Amino acid sequence: MDIQEWEQRHTDAFYNVKKSLPYLEGMFVAYNSNIDAIKHLTDEDLCRLMELFDEVDIQKRVETYPREINEPLDFMARLLISMREGKAAEIPTHTSDIHEWLKAHLGFDYARMGGQAGIISNLLARLELKKVVAYIPWLSEEQADYFAASDNLLHPKLEDGKVVLKPPKEAFKPGIESKVNWIFEYSRGLEVTCNGNNFTVPRDNRLIISSRPKWIRLDMDREIYEQLESLYPIDGAMLSGYQMIKEEYEDGSTYKDYVSHSVKVIEKLKALNPELRIHVELTSIQNRVIRKAILTEIVARHVHSLGLDTVEVANALNVLGHEELSYSVIRKEENGITSLYHGAVQLLKDLSLERVHVHSLGFYICILAKGHPLTLKEHRDALLFSSTLAGAKALTGDIENLDEAAAGLEVPVSGKGIEDLENFKLYCVGKRLCTPEEFEFGYLYGADHNAVIIPSKVVEKPKSTVGIGDTISAGAFAAMLATMKQK
Ligand code: 8BR
């Protein structure tokens with residue numbers, strides 16, 4: 001593969017897509033957003049924290065290995081465990097008490113928008129789409145501040161029984177708590193002493209305290225559902241956050257209730273515009289019952305497009321009964337990319353999808369059902385556009401507008417990505433999925449599907465990698481829809 005050629009294709013695709021975006025009337029984005037509060041822990045922070053506790057108590061709590069954070073001592077114990085092993089961890093908390101305690105006793109360095117729907121809404125608004133309608137069932141006043149303040153980003157609000165679209169800052173629900181996730185980063189080499197035991201932090205990593213308030217429901221307010229047409233015109237919907245559905249709730253409801261409500265919303269979105277396309281963005285879902293229900297009951301047959309990373313491909317295959325394929329995707333051996341390709345094709349078939357977009361570090365694969373109205377070149381442009389956005393996001397941490405997104409064009413295409421694809425080429429040509437020439441274009445032709453593969457831009461020292469996956473999926477989906485509208 002000629003790296004220079006792929007650089008040029010990125011540039012051409014970026015400007016092609018930029019011209020198409022104004023053809024989109026609107027995009028609906030739901031359901032999850034939160035606030036990420038980030039704190040880099042220094043020596044002094046750690047000493048200050050330790051002084052708030054009796055070291056014997058900390059030691060005892062470490063031994064119980066708390067699985068959730070109910071009080072500050074649980075936090076302290078899990079922080080020490082994570083630091084001792086240099087291992088990332090994410091631990092839930094079900095009230096906002098720890099948030100208040102951390103604000104009062106430690107504070108954060110900075111805070112930013114978190115959650116897939118929050119990140120995607122802001123990105124699409126900054127890509128200057130005509131209209132982005134975000135819907136977050138738990139939009140608090142504090143959370144509303146993290147949405148881009150631009151005229152094209154709106155949120156439904158109930159006014160005198162009527163649903164109207166307003167900027168998020170005028171559409172929040174008064175009096176509800178904010179969902180704040182705390183991210184504690186720490187560096188290798190930090191010396192820690194607790195109750196006479198010493199250790200040195202072996203590597204940089206982080207501990208996340210994720211907020212899971214018990215009252216949160218992944219659902220749409222009844223009035224908004226009933227007046228969904230007030231959100232239109234929209235051409236597409238990007239839905240995420242289903243991983244927040246729980247198996248059982250204290251009020252006796254179960255995941256089945258929320259799965260069926262979610263499907264009703266999807267059906268209504270499509271009924272109001274039969275041309276509308278729906279994309280679901282997956283993330284890791286620990287609970288296998290929920291993971292399977294999301295895939296087989298919400299995604300399968302109801303949505304058109306799925307976005308996910310390689311780990312999620314493996315996890316999805318696993319609950320769909322393809323254990324062997326799942327393991328070979330996760331093992332990432334020499335033929336890892338071949339397994340990934342087969343895994344993505346399997347998802348397209350099992351879930352009756354039109355499109356499966358897998359992003360990996362250095363390359364993206366998009367599997368397409370036969371008969372899609374766009375050409376493979378147009379799909380390739382959509383992927384290349386999203387690769388440029390990923391480059392810009394990794395470089396700057398955030399994309400403020402379309403002009404700034406062009407900064408991603410300066411990021412080089414990944415040499416490692418090109419190398420991985422070169423290895424995959426041997427397989428594809430051998431299996432007659434394409435000729436060597438077709439592979440150079442990134443086009444594959446299966447018996448019951450087509451596919452596009454591209455090497456992607458990778459920033460060597462990224463400013464941050466949070467939200468890049470969401471950026472890739474949203475950029476490519478919006479680009480694809482805009483091109484469909486333009487045709
Ligand atoms: P998830 O968060 O869903 O895993 O997605 C992360 C994606 O970000 C990866 O699939 C990869 O394509 C992209 N990415 C990462 Br991680 N680091 C990057 C970097 N330095 N430059 C560009 N893209 C990156």
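Rundown of residues vs (1) at pLDDT below 95; (2) away from the ligand (no atom under 11 Å from the Cβ); (3) not in a helix (DSSP H, G or I), yes/no style:
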position	(1), (2), (3)
A390	no, no, no
D398	yes, yes, yes
A405	no, yes, no
L433	yes, yes, yes
E438	no, yes, no
V459	no, no, yes
D470	no, no, no
A474	no, yes, no
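Among the charged types (D, E, K, R), surrounded by fewer than 24 Cβ atoms within 10 Å (Cβ to Cβ) and either within 16 Å of the ligand (Cβ to nearest atom) or under 24 Å from S464 (Cβ atoms) (or both): is that true of E378 in this structure?
no
Tell me whether the range 167-177 contains one or more residues that are open to solvent by 40 Å² or more (accessible area, probe 1.4 Å), in a strand (DSSP E or B), out of contact with any Pro (no Cβ under 6 Å at 6 or more places or on another chain) and within 28 Å of W215 (Cβ to Cβ). Steps first, please.
First, pick out the residues of the range 167-177 that are open to solvent by 40 Å² or more (accessible area, probe 1.4 Å): 167, 169-170, 172-177.
Among the residues that remain, those that are also in a strand (DSSP E or B) are: none.
Checking the range 167-177: not a single residue is open to solvent by 40 Å² or more (accessible area, probe 1.4 Å), in a strand (DSSP E or B), out of contact with any Pro (no Cβ under 6 Å at 6 or more places or on another chain) and within 28 Å of W215 (Cβ to Cβ).
Could you list, in sequence order, the residues of the range 416-433 that are surrounded by 12 or more Cβ atoms within 10 Å (Cβ to Cβ) and either in contact (Cβ under 8 Å) with a residue 40 or more places away in the chain or of a type outside the set (A, V, I, L, M) (or both)?
K416, G417, I418, E419, D420, L421, E422, N423, F424, K425, Y427, C428
On the basis of being under 21 Å from the mean Cα position of the chain (by Cα), away from the ligand (no atom under 14 Å from the Cβ), crowded, with 19+ Cβ neighbours inside 10 Å and within 27 Å of M27 (Cβ to Cβ), does L481 make the cut?
yes
Counting just the residues of the range 123-139 that are over 17 Å from the mean Cα position of the chain (by Cα) and of a type in the set (A, V, I, L, M), which one comes out surrounded by the most Cβ atoms within 10 Å (Cβ to Cβ)?
The selected residue is V132.
Could you run through the range 180-207 and say how many residues are part of a strand (DSSP E or B), in contact with a Ser or Thr (Cβ under 9 Å, 6 or more places away or on another chain) and surrounded by 17 or more Cβ atoms within 10 Å (Cβ to Cβ)?
9
Report yes if D448 is within 13 Å of the ligand (Cβ to nearest atom) and either of a type in the set (D, E, K, R) or surrounded by 15 or more Cβ atoms within 10 Å (Cβ to Cβ) (or both), otherwise no.
no
Any idea how many residues of the range 354-381 are closer than 20 Å to G417 by Cα and either part of a strand (DSSP E or B) or touching a Cys at 6+ places or on another chain (Cβ under 8 Å) (or both)?
11
Can you tell me which residue in the range 276-309 is nearest to the ligand (Cβ to nearest atom), limited to those that are of a type in the set (V, I, T) and within 16 Å of A476 (Cβ to Cβ)?
That would be V280.
If I filter the range 333-371 down to residues being within 13 Å of the ligand (Cβ to nearest atom) and over 21 Å from A447 (Cβ atoms), which single residue comes out as surrounded by the fewest Cβ atoms within 10 Å (Cβ to Cβ)?
Looking at the filtered set, the residue picked out is L361.
Check every one of the helices (runs of 4 or more DSSP H) wholly within the range 212-322 and list those with 1 or more residues that are of a type in the set (A, V, I, L, M), crowded, with 19+ Cβ neighbours inside 10 Å and out of contact with any Pro (no Cβ under 8 Å at 6 or more places or on another chain).
Per the criteria, 255-272, 288-293, 310-319.
Of everything in the range 32-68, what is farther than 20 Å from C194 by Cα and assigned to a loop (DSSP other than H, G, I, E, B)? Give them in sequence order.
Matches in the range 32-68: N32, S33, R67, E68.
Checking V329 against (1) of a type in the set (A, V, I, L, M, F, W, C); (2) in contact with a Gly (Cβ under 9 Å, 6 or more places away or on another chain); (3) open to solvent by 10 Å² or more (accessible area, probe 1.4 Å); (4) farther than 21 Å from A478 by Cβ, which test does it fail?
Tallying (1) of a type in the set (A, V, I, L, M, F, W, C); (2) in contact with a Gly (Cβ under 9 Å, 6 or more places away or on another chain); (3) open to solvent by 10 Å² or more (accessible area, probe 1.4 Å); (4) farther than 21 Å from A478 by Cβ, V329 fails exactly one: (3).
Identify all residues within the range 151-165 that are free of Cβ contacts under 8 Å to residues at least 40 places away in the same chain and surrounded by 15 or more Cβ atoms within 10 Å (Cβ to Cβ); write none if there are none.
Listed by number, the residues that qualify are N152, L153, L154, H155, K157.
Residue check: is E142 closer than 27 Å to E100 by Cα, surrounded by fewer than 18 Cβ atoms within 10 Å (Cβ to Cβ) and out of contact with any Cys (no Cβ under 9 Å at 6 or more places or on another chain)?
yes
The values are calculated or read from the model by the stated rules, or taken from the named source; none is laboratory data. It should be emphasised that the depicted structure is a prediction, and the values quoted were computed from it without experimental measurement. Using ideal geometry, Cβ is built from the backbone for each residue, glycine included, and neighbour counts are taken over all protein chains shown. Calculation scope for accessible area: heavy atoms of the full protein, side chains included, ligands and nucleic acids excluded. Shrake-Rupley method; radii C 1.70, N 1.55, O 1.52, S 1.80 Å.
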